[in-house]
Amino acid sequence: MPDLLWDDVKSFFDPQVMGALPDVCVTDTTAADWQALCDLVRTSGWTWEYREGAVERPLPPAREALSRPAGAETANLRVRPVPGVLAIFRMLSAEEIDFDVDLRELQGQQGVDTLCAFLGTIGRRLGKAVVMTAEGDHGNPVLGFDPVADRVMPLADPRLV
């Protein structure tokens with residue numbers, strides 16, 4: 001049985017309501033958590049690429065990517081958990097794993113299932129909550145992976161979004 005049903009949460013997947021690129025994050029992280037994420041990406045079978053600015057490079061150890069000098073090009077890890085779905089992780093701070101997904105790529109029950117599987121895989125590997133908020137609305141999560149419940153759950157009322 002799926003974690004979430006499309007009919008129950010479709011407002012959380014509406015680009016007009018949430019913004020096309022809602023924010024997804026894992027808080028209270030360390031460079032070791034980033035390394036665990038990088039190791040997961042390498043071994044998951046997902047398609048990925050690491051970029052510094054517009055230049056594709058080999059994926060360095062997380063500690064190295066996170067300690068780039070001020071003013072350096074932004075380090076991005078671009079991950080495709082399934083064809084046609086892109087998550088962009090911005091390696092800005094060890095304290096938070098921050099990434100975007102494109103809701104236009106996550107429509108219908110298949111999109112919900114894809115996002116739930118992706119968030120769950122990350123949350124299980126890190127043993128931490130993974131939450132999604134509307135684009136630019138960091139303080140108000142709408143759904144997320146709960147590591148205690150071991151599933152993705154609504155964190156807001158979808159009828160009020």
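Observations on the structure shown:
- Accessible surface of segment 5-156 [probe 1.4 Å, protein heavy atoms]: carbon and sulfur percent: 50
- Stokes-Einstein D in µm²/s, Kirkwood radius over Cα pairs - segment 44-116 at 4 °C with 1.567 mPa s viscosity: 97
- Solvent exposure of the chain amounts to 50 Å² per residue of accessible area, where only protein heavy atoms count and the probe is 1.4 Å.
- Accessible-area rank, largest first, for M153, M132: M153, M132, with all protein chains present and a 1.4 angstrom probe.
- Relative counts (whole %) of C-alpha pair distances in segment 11-85, using bins that are 5 Å wide: 3, 12, 19, 22, 21, 13, 8, 2
- A quarter of the convex hull surface defined by the alpha-carbon atoms of the chain gives 9.3 nm² as the mean projection.
- Here is how the number arises for the chain: DSSP H runs of 4 or more residues each give -39500 (n - 2.57), the sum is divided by the residue count, and the result at 222 nm is -8000 deg cm²/dmol.
- Nearest 10 degrees, 0 to 90: helix 108-126 Cα axis against the chain principal axis: 50
- Rounded to the nearest 10 Å², the accessible area of I88 at probe 1.4 Å: 30
The values are calculated or read from the model by the stated rules, or taken from the named source; none is laboratory data. Because the structure is predicted, anything quoted here is derived from the model rather than measured. Just so you know, the surface numbers come from the protein's heavy atoms only, side chains and all, with ligands and any DNA or RNA stripped out. Shrake-Rupley method; radii C 1.70, N 1.55, O 1.52, S 1.80 Å.
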